[in-house]
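Student: Dumping the structure here so I can ask a few things about it.
Just so it is clear, none of the values below were taken in a lab; they were calculated from the coordinates. Predicted model only: the values in this text are computed from it and were never measured. Counting neighbours? That spans all protein chains shown, and the Cβs are built from the backbone with ideal geometry, glycine included.
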Amino acid sequence: MTRPRFKRILLKLSGEVLMGDGHAIDPAVTARVAREIADVKAQGYEVCVVVGGGNIFRGLAAAAKGFERATADYMGMLATVMNALAVQNALEQIGVDTRVQSAIPMSSVCEPYIRRRAERHLEKGRIVIFAAGVGSPFFTTDSGAALRAAEMKCDALFKGTSVDGVYDADPKKVATARRFDTISYDRVLADNLKVMDASAVALCRDNNIPIVVFNIREQGNLARVLAGEGVATIVQ
Ligand code: UDP
């Protein structure tokens with residue numbers, strides 16, 4: 001499959017990507033993810049990162065157990081800031097210059113989200129990590145990723161997961177499940193395929209941002225997929 005070439009990408013990392021056995025944030029796992037990012041940065045790609053928080057706290061799940069939803073969502077957003085700092089720390093330890101920008105201002109911890117400033121960081125060769133999603137409850141970091149990808153004029157949104165693309169059924173449960181090389185936004189939405197939230201998919205569709213779903217747990221895969229070689233599904 002030939003894939004379009006991208007220069008500026010937004011990488012969406014779910015919180016669970018940073019998890020290890022028994023640790024919400026595993027330093028070794030986080031370091032490996034950081035190396036993936038550093039590798040593609042070294043190849044000249046501009047990289048924005050949006051981190052989730054599901055390894056620590058999910059608003060919806062907490063609300064189901066009795067938390068008030070909006071409060072629980074704010075707690076979830078705070079969890080994404082912890083993950084963002086962990087990714088920043090791992091990148092800095094291997095010499096990659098980064099900035100964290102949070103949609104919820106917390107000036108003693110990181111920068112507030114300022115689009116023009118983020119743009120400047122990218123121009124200077126820094127990785128920008130966006131935390132706290134869109135900054136409002138009732139959203140997710142998938143929507144935050146789609147929004148930031150649109151604002152930062154990213155060529156594509158790379159969704160790093162633990163499966164190697166989008167399937168017509170759950171490949172962990174259905175042996176005959178088929179992986180798509182490409183699939184349309186509308187089919188993802190109509191068939192309710194689990195790629196990203198519907199609002200995130202719709203935002204990408206409306207702004208013509210391809211979503212590349214790939215397995216980030218496989219070493220070197222981000223670079224391979226960017227080079228058009230690795231296994232992935234493109235939603236476009
Ligand atoms: N969240 C929110 N608004 C946002 C982004 C996140 O309220 O714009 C909350 C929400 O409770 C969510 C939690 O933060 O469950 C963690 O984010 P998410 O579930 O998207 O993380 P991921 O599944 O990617 O790890």
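Student: For region 8-235, what size does the Cα cloud have along each of its three principal axes, sorted from largest down, in whole Å?
Tutor: Between the extreme Cα coordinates on each principal axis of region 8-235 lie 50, 47, 38 Å.
Student: Please quote Rg/Rh for region 1-111 to two decimal places, taking the Kirkwood radius as Rh and restricting both calculations to Cα atoms.
Tutor: Reported Rg/Rh, Kirkwood definition of Rh: 1.02.
Student: Also, quick follow-up: HN-Hα J couplings of region 8-19 from phi, Karplus 6.51/-1.76/1.60, θ = phi - 60°, integer Hz, Gly and Pro as x?
Tutor: 10, 10, 10, 9, 9, 10, 5, x, 5, 5, 8, 7
Student: Still on this structure, please answer the following. Binning at 10 Å from 0, report for region 98-178 what percent of all alpha-carbon pair distances ends up in each bin.
Tutor: Calculated over all Cα pairs of region 98-178, the distribution is 16, 39, 25, 14, 6, 0 percent.
Student: Please report, in Å, the Rg and the Dmax of region 27-81, where both are computed over Cα atoms only.
Tutor: Spelled out, the Cα radius of gyration and Dmax of region 27-81 are 15.4, 47 Å.
Student: For region 8-235, what relative contact order do you get, as a whole percent, if you take Cα pairs closer than 8 Å and at least 6 residues apart?
Tutor: 21
Student: Mind checking the full-extension length gain between ARG115 and GLN93? Use 0.36 nm per residue of separation minus the Cα-Cα distance, one decimal, nm.
Tutor: 5.3 nm
Student: What ranking, highest mean first, results for peptides 125-131, 218-224, 149-155, 92-98 when packing means the other Cβ atoms within 10 Å averaged over each residue?
Tutor: Ranking the peptides 125-131, 218-224, 149-155, 92-98 by packing returns 125-131, 149-155, 218-224, 92-98.
Student: Can I ask one more? Which one of GLN88, GLN43, GLN101 has the biggest mean-square fluctuation once the chain is modelled by GNM with Cα springs under 10 Å?
Tutor: Maximum among the listed residues: GLN43.
Student: Next question, about the same structure. Hydropathy at least 0.0 by Kyte-Doolittle, axial extent at least 27 angstrom from the Cα trace: which helices of the chain, defined as entire DSSP H runs, fit?
Tutor: Helices passing the filter in the chain: 69-93.
Student: Antiparallel versus total DSSP beta bridges in region 8-235: what percent is that, nearest 5?
Tutor: 20
Student: Once you have all Cα-Cα distances for region 117-236, histogram them in 10 Å bins from zero and send the whole-percent values.
Tutor: Spelled out bin by bin, region 117-236 gives 13, 41, 36, 9, 1 percent.
Student: Grab the beta carbon distance between ASN192 and PHE138, set R0 = 25 Å, and tell me the FRET efficiency rounded to 0.05. Display every interim value, and only then the final one.
Tutor: Details: r = 19 Å, r/R0 = 0.77.
Step by step, r from the Cβ atoms, then E = 0.85.
Student: So if I take the centroid of the Cα atoms in region 18-65 and the same for region 165-219, what is the distance between those two points in Å?
Tutor: 19
Student: By average Cβ neighbour count within 10 Å, what is the ranking of 20-29, 182-191 from highest down?
Tutor: So the peptides 20-29, 182-191, ranked by packing, come out 182-191, 20-29.
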